Amino acid sequence: MARAALAQWQLDLLRIIPTGSAWHKARPLTDAVHRLAMVHLAFDDIQPSCVDCREIERQGPTYTIDTLMDLKNENPQASLFLFIGEDQARAFKSWRRWEDILRMATVVVAQRPETQDDSASPNFAQWHNGVSPDVQRLDMTPQAVSATDIRSRIARGVSMPPLLPLSVQRYIEQHRLYQTHSDD
C-alpha cells in the first residue's frame, strides 16, 4: 500500500503513523514498543517515508483529526492525504469529526478483494457516496490480508501470509506475539 501510494500520488513524504490509544478498539492493542518496532522493520526501507510516533506519544485516546490538525499546523501549505483500508473506510462516519477530516485531507482507500457477502450487498460498489464523492481509490491490486487475519493465523499456528515482510515475521516469532499461551 505504501509503495502504491508513493507512486500514484507522487508524495514528497509518506508518514507512517502507528495508532496510539485507539478509542475504537475493543481488544487491547499490542504494546506500543512492539508495534513501533514492527513499523520500522516494515517501512524504513521505503523512501521517501518516515515513521511518525506522535500518536503513540499522545496521552489519552488517539483521533485522526488531532493528528491531521497537528500536521497542518506544522506544514500549512502541504496537501494532506489519508490512506486507509476499505474496512476503515466503511466505518469512516463513526470517526470523530469525519467531515472535518474530509476538508483537511484527501481520503484515499485501498480496496480489499470482494467477497461473496460484500458483493451481494446493494451498497458494496457505492459505499463511499454516503461519505463524500471526493474519496479516492488507491490503484493497487486488492490484498486479501488484514492485521486481524495475521494475528488470528499466528494464534492458530497457521503460517503467516507472504505479504508480511520477513523481518516482521521474525520479530513476531522472536517476541512470541499473538500466540495463544497455555500453562501446560
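Observations
- For a label point 7 Å along the Cα-to-beta-carbon line of residue 79, residues of the stretch 93-114 with backbone N under 14 Å: 104-108
- For the stretch 1-103, Kirkwood radius (reciprocal of mean inverse C-alpha pair distance, Å): 14.8
- For the stretch 64-79, backbone phi angles converted through the Karplus equation (6.51, -1.76, 1.60; θ = phi - 60°) give residue-by-residue couplings of 4, 4, 5, 5, 5, 5, 4, 5, 5, 5, 6, 9, x, 8, 6, 8 Hz, Gly and Pro being listed as x.
- For the peptides 143-154, 68-79, residues were scored by their other Cβ atoms within 10 Å and the scores averaged per peptide; the highest-first order is 143-154, 68-79.
- Interchain or long-range residues, amide H under 5 Å from residue 80's placed H: 106
- All other residues whose Cβ lies under 14 angstrom from that of residue 173 are scored, Lys and Arg at +1 and Asp and Glu at -1, for a net of +4.
Throughout, read-outs are computed from the coordinates displayed, never taken from laboratory work. Just so it is clear, the model here is predicted, and its values are computed rather than measured. Positions of Cβ are generated from backbone atoms using ideal geometry, with glycine treated the same way; all protein chains shown enter the neighbour counts.
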